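A.B. asks: Pasting in a structure now, in structure tokens, and then I'll have a few things to ask.
The values are calculated or read from the model by the stated rules, or taken from the named source; none is laboratory data. Please read these numbers as outputs of a predicted model, since none were measured by experiment. Positions of Cβ are generated from backbone atoms using ideal geometry, with glycine treated the same way; all protein chains shown enter the neighbour counts. The area values use the complete protein model at the heavy-atom level, side chains included, leaving out ligands, DNA and RNA. Shrake-Rupley method; radii C 1.70, N 1.55, O 1.52, S 1.80 Å.
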Amino acid sequence: MDDIVALCKRRGFIFQSSEIYGGHNGFWDYGPLGTELKRNVRNAWYHDMVTSHDELQAPSGAPRPFQMVGIETALIMHPQVWRASGHYDLFADMMQTCRVCKKLFRADHVAGMLRESDWVASLREALGAGDGAVAFGHDSLRQWATHKKRGMKLAPGLALVREPDRTLEATADGLEMPFAELLRRAAATGGVAQDACPACGGDLTEPRQFNLMFETYTGAIQTDENRAFLRPETAQGMFVNFKNVVDSSRVKVPFGIAQIGKSFRNEITPRNFTFRSREFEQMEMEFFCHPDESRQWYAYWRDRRFRWYRDLGITGDNLILRDHDADELSHYSVGTADVEYAFPFLDPGEFGELEGVAHRGDFDLRSHMEGKLVKDDQGQLVVELDAAGNPRHKGSGKNLVYFDDETREKYLPHVIEPAAGADRATLAFLCEAYYVDEQPDDSGELQARTVLRLHPRLAPYKAAVFPLIKKEGMPEKAGEIYRQLKRAGIQAFYDQQGAIGRRYRRQDEIGTPWCITVDGDTASDGTVTLRDRDSLEQVRIPADEVAGEIARRLAGG
Ligand code: GAP
């Protein structure tokens, strides 16, 4: 990972935000190459979700085309949106601060932590192993204590556990003992010190709420009425515009609304490069369908979204599709699957979320109609009431029911939501592409070669054009080819500086799939060399066919 981060900075993919002031934690800037790469990721997503999608047919029932449309909504929405959606209440974590080291922790991650000083002793006691007992020794404890298998899973949204091996869950894991049994024994012997700081063992403050939404004020006066939030997801922009899109675009259910845009979350521990940032970009689509067809559409989008990453080059075991267990599902979800990637900063066997595909039922449209929903004792979604029996957070009161003018049926559509992160996808494509091999240099000696084997659709430059030497008309001819490519809308780079081998290597390192070299033969036979980044194969093609050939290769021909 360190090599990838270094490459990103050295070659202008990603910089720390405000770096000259020491950086700003959780914020990142994309340099010239990163901007191209991320734009290509976004374009590939939008192309797949909207542009090339209109002619597809429903997975069940009578074949019919369905519409996919785009939208671009405001980053700051009416504050009531976040109250009705549940973000105002639920997008908050109970946090505790250590009185000694002042670090902040999520309360559910520190409950049951063992204090450092009590570490082995309390476990021995908890498990009824006295001093003389050898059921497990200090060494074996240490051995499994370093095994952090569950660290990420303990904190899927906010990985706060600095030392996950010290949690009771990891302890139970290491001892191959059911978690409940460990807790029972620990509690019975008083061996568990509750609420100890996982970093230093110090005392923690009482839990208090911490909302992940960034707050701001609209207008000149900073009053409660003027309090607003930077959106923590793009999705609500689609839900609140459902009726507008239906009324203005003549779309018919099933149809999808897609949006790419920035979202903001005041993550407590932004980390792992761009993986968890405070400002990031989402690529979300809300697909509105008939409730009776929603399960099939869920399966359709889940599989289709997984395929998208595969088609763009993540073909091996680093990519998985993981269906959530029932106890992992959001309170409104009938089914959710994550597309996950084995990022190099994770431990072997661990995966990080790239995208969630969720069956959201009618939760969102209902919330914006009726008010914030909660599950009742029977598991039914009902409007949450305050002490006086009024909705705690009111919805818009607008009727969002859909009327099918063919079947004359009225219903609230169900929603399937593939929600991806543009920054995480970009990072995964970078990690997957990073490769080091050995190739002979200009003198024939083997040298390490760093290559980004990016899918040509994603590569920042599709082609680089070089004159072999800076004379004999070669720069002029190379310049012509460069302009030919640019005029065809193909992102290209011109370089006449340095030994040709080094120029190739510079392009390999940034993922340029093809290099074109004008040499001594070009003047006589009108051909140039076309070199392939991955196979290193070099072929000669007519100079005036370069743009056509690159376009053909880009189209997969
Ligand atoms: N509307 C549903 C929603 O927002 P989410 O799982 O919270 O779901 C969707 O976010 C995607 O957004 C994630 O799978 C991830 O790719 C990206 N994402 C979420 N939080 C992020 C963060 N702090 N930094 C970077 N990407 C993030």
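A.B. asks: What are the ³J(HN,Hα) values, in whole Hz, obtained from phi via the Karplus relation 6.51 cos²θ - 1.76 cosθ + 1.60 with θ = phi - 60°, for each residue of segment 380-389 in sequence order, with x given for Gly and Pro?
C.D. replies: 8, 7, 9, 5, 6, 10, 8, 4, 8, x
A.B. asks: Heavy-atom accessible area of residue 273 with all protein chains present, probe 1.4 Å, nearest 10 Å²?
C.D. replies: So the heavy atoms of residue 273 present about 20 Å² to solvent.
A.B. asks: Right, another one. If you take the beta carbon distance between residue 410 and residue 497 as r and set R0 to 56 Å, what does 1/(1 + (r/R0)^6) give as a FRET efficiency, to the nearest 0.05?
C.D. replies: 0.25
A.B. asks: I would also like to ask the following. Karplus couplings for segment 344-358 from phi (6.51 cos²θ - 1.76 cosθ + 1.60, θ = phi - 60°), rounded to Hz, Gly and Pro as x?
C.D. replies: Karplus-based 3J(HN,Hα) across segment 344-358 equals x, 7, 8, 5, x, x, 9, 10, x, 6, 9, 7, x, 10, 10 Hz.
A.B. asks: State which entries of 262/372; 243/375; 262/410 exceed 28 angstrom in Cα-Cα distance in the structure shown.
C.D. replies: Check vs 28 Å cut-off fails for 262/410.
A.B. asks: Would you mind putting 226-239, 246-259 in packing order, based on average other-beta-carbon counts within 10 Å, highest first?
C.D. replies: Top of the packing list down: 226-239, 246-259.
A.B. asks: A further question on this structure: Under 5 Å between amide hydrogens, which residues at least 5 positions from residue 229 or on another chain qualify, with H placed 1.01 Å from N in the peptide plane?
C.D. replies: Under 5 Å from the amide H of residue 229 lie the amide H atoms of 77, 216, each far enough along the sequence or on another chain.
A.B. asks: Now for a different question. Calculate the translational D of segment 461-554 in whole µm² s⁻¹ from Stokes-Einstein, where the hydrodynamic radius comes from the Kirkwood formula applied to all Cα pairs, the temperature is 20 °C and the viscosity 1.002 mPa s.
C.D. replies: The estimated diffusion coefficient comes to 167 µm²/s.
A.B. asks: Based on the mean of other Cβ atoms within 10 Å per residue, sort peptides 533-539, 421-427 so the most packed one is first.
C.D. replies: 421-427, 533-539
A.B. asks: With each label point set 7 Å from Cα along the Cα-Cβ vector, what nm distance links residue 102 and residue 326?
C.D. replies: 4.7
A.B. asks: I've got another one for you. Order the following by accessible area, largest value first: 208, 310. Probe radius 1.4 Å; ligands, DNA and RNA are ignored.
C.D. replies: These residues rank, largest area first, as 208, 310.
A.B. asks: Let me ask something else about it. Each residue of segment 496-508 in order: what ³J(HN,Hα) in whole Hz does its phi give by Karplus 6.51 cos²θ - 1.76 cosθ + 1.60, θ = phi - 60°, with x for Gly and Pro?
C.D. replies: 10, 9, x, 5, 4, x, 5, 5, 4, 5, 4, 6, 4
A.B. asks: Further question: Between residue 441 and residue 205, with labels modelled 7 Å along Cα→Cβ, what's the label distance in nm to one decimal, could you check?
C.D. replies: 5.6
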